[in-house]
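Encoded as structure tokens, the structure appears first; notes follow it.
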Amino acid sequence: MTQVIKQEEAQPLAVWQAEEWADDGTSSIAPSFPIIKIVQPTSTMEGSSKHQGQFHRSDTGEFYGPLDLVALFQKSTRAYFVEGNDQPACMSTDGFAPRPNMPLWKGKTEPYACTDCPFSQWGEDGSPPPCSASFVVLVDHNAELAQVRIGGKSIKPWKRFISQKLAPRKLPLCSQRLHLYTEERSEPGKKWFELRIDNTQLTVDEAKKYNAILAYERQRFETAVEEAHEANEEAEPVVDAWESA
């Protein structure tokens, strides 16, 4: 069932988060932002086979149809996983340069930029690079902050939305209420679900409240993204990193 954020439901989050509060002893506790992502045919969460093309939320385990939410901030990331390891062999938390001292480069020369890395290159046959790029987007979903993870073939429509709907008018992400849904796509031997985006513009006052939330939460969100890593479910598992290169 589609869950829609009504205007009056979104107000409490904006009001609470935009206020300055005295330290009650919990300020040092690391925040947790639930992960929302598209359920793909390769997804492994419980019940995923019955909910392909929907969205899964990690903290409740619920599946959603189309989502209505407000996006506040996006981070570009990259991560490369080797089969059998739940920690990345290499990762970037800005999408441009690898973090220092990544296991993949032990005894080897680490590239200065991800664009120079052999693991970020697309194959001559059009196959995606083994190191997968993604966007992690801080959102207000049902009056709670969460992170939507956008990867694989959904990156292109997300970039297109930014470049066509926001960039020409220099509008921030928090100026729009987004309606996210998926479309089934396929090619010989493979099926996946690709992100689709509709949008309506918020009022200036609404956008200002979300901008205040972002000012309060941005650093904690960036820290949470750096500490939480997930393999791309659309990527083929790699057994030996350097052999695959």
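Taking N as the number of residues in region 116-202, what is its Cα Rg relative to 2.2 N^0.38 Å?
For region 116-202, the normalised Cα radius of gyration is 1.27.
Keeping all protein chains in place, calculate the accessible area per residue for region 42-136 (probe 1.4 angstrom), answer in Å².
Accessible area per residue, region 42-136: 54 Å².
For region 143-160, what does the Karplus curve 6.51 cos²θ - 1.76 cosθ + 1.60, with θ = phi - 60°, yield as ³J(HN,Hα) per residue in whole Hz, taken in order and with x for Gly and Pro?
6, 9, 7, 8, 10, 9, 9, 10, x, x, 7, 7, 5, 4, x, 5, 4, 5
Once the other residues with Cβ under 12 Å from the Cβ of Glu226 are scored (Lys, Arg +1; Asp, Glu -1), what is the net sum?
So the environment of Glu226 carries a net charge of 0.
Name the long-range amide H neighbours of Glu62: under 5 Å, sequence gap of 5 or more, or other chain; modelled H, no Pro or chain starts.
Hits under the 5 Å cutoff: Arg57.
Return the carbon/sulfur percentage of the accessible area of region 57-101, one whole number, probe 1.4 Å, all protein chains in place. Walk me through the intermediate numbers first.
Values: 890 of 1950 Å².
Summing carbon and sulfur atoms, their accessible area is 46 percent of the total for region 57-101.
Sorted from largest down, give the three principal axis spans of the alpha carbons of region 64-219, whole angstrom values.
53, 41, 31
Just reorder Ser127, Ser32 by solvent-accessible area, largest first, 1.4 Å probe, all chains present.
Working: Ser127 45, Ser32 105 Å².
The most accessible residue leads, giving Ser32, Ser127.
For region 69-134, state the semi-axes of the equivalent ellipsoid (square roots of 5 times the eigenvalues of the alpha-carbon gyration tensor), sorted largest first and rounded to whole angstrom.
Details: eigenvalues 85, 50, 34 Å².
Over the Cα atoms of region 69-134, the semi-axes work out to 21, 16, 13 Å.
Report the local net charge at Gly95: Lys and Arg +1, Asp and Glu -1, summed over other residues whose C-beta lies under 13 Å from its C-beta.
+1
Compute and list, largest first, the equivalent-ellipsoid semi-axes of region 29-149 from the alpha carbon gyration tensor, each √(5λ) rounded to a whole angstrom.
29, 18, 14
Can you tell me the order of 43-50, 111-118, 71-78 when each peptide is scored by its average per-residue count of other Cβ atoms within 10 angstrom, highest first?
71-78, 111-118, 43-50
Can you compute 3J(HN,Hα) from phi for each residue in region 181-192, using the Karplus curve 6.51 cos²θ - 1.76 cosθ + 1.60 with θ = phi - 60°, rounded to whole Hz and x for Gly and Pro?
Rounded to whole hertz, the list is 8, 10, 10, 6, 10, 7, 8, x, x, 8, 9, 8.
The values are calculated or read from the model by the stated rules, or taken from the named source; none is laboratory data. Given the structure is predicted, the values throughout are model-derived calculations rather than measurements. Don't worry about glycine lacking a Cβ; one is built from the backbone with ideal geometry, like all the others, and counts go over all protein chains shown. Note: areas computed on protein heavy atoms with side chains; ligands, DNA, RNA excluded. Shrake-Rupley method; radii C 1.70, N 1.55, O 1.52, S 1.80 Å.
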